[in-house]
Amino acid sequence: MANPLRGEVIRLYKNLLYLGRDYPEGSAFFRERLKSAFMKNKDVTDPEHIKKLVGRGEFVIKELEALYFLKKYRAMKKRYYDPETK
């Protein structure tokens, strides 16, 4: 793997690992899935394919952030919204 891409992949892995702490099914579940996804692609050497995979990882980060935002929104709505006054 090319040196600049290696750093980018490691940064992506660390970011995903950090975001996985709050995953609804548990951090251990997320960590196992993350590790298997990265290990599945460990032999990829084509820089274009690596960039495509990193792009997919960045998309997953955005999706996780949206999931967490929605989870917080639903908790706040449940806490302060009275279903009887609808």
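The values are calculated or read from the model by the stated rules, or taken from the named source; none is laboratory data. What you are looking at is a predicted structure, and each value in this text was computed from that prediction instead of being measured. Reconstructed Cβ throughout: ideal geometry from the backbone, glycine too, with neighbour counts over all protein chains shown. Note: accessible area is taken over every heavy atom of the protein model, side chains too, but ligands, DNA and RNA are not part of it. Shrake-Rupley method; radii C 1.70, N 1.55, O 1.52, S 1.80 Å.
Values as computed for the structure displayed
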| quantity | calculated |
| --- | --- |
| So GLU84, is it at pLDDT below 80, over 19 Å from LEU17 (Cβ atoms) and open to solvent by 100 Å² or more (accessible area, probe 1.4 Å) | yes |
| Answer from PHE59, PHE69, PHE30 - the residue that is open to solvent by 100 Å² or more (accessible area, probe 1.4 Å), at negative phi and under 10 Å from the mean Cα position of the chain (by Cα) | PHE59 |
| Residue tally, condition touching a residue at least 24 places away in the same chain (Cβ under 8 Å) and either within 16 Å of TYR18 (Cβ to Cβ) or among the basic types (Lys, Arg) (or both), over the range 39-66 | 7 |
| Residue among PRO24, PRO4 that is without any contact (Cβ under 8 Å) to a residue 60 or more places away in the chain, touching a Lys or Arg at 6+ places or on another chain (Cβ under 8 Å) and open to solvent by 70 Å² or more (accessible area, probe 1.4 Å) | PRO24 |
| Some residue of the range 12-19 being out of contact with any Ser or Thr (no Cβ under 6 Å at 6 or more places or on another chain), polar (S, T, N, Q) and open to solvent by 70 Å² or more (accessible area, probe 1.4 Å) | no |
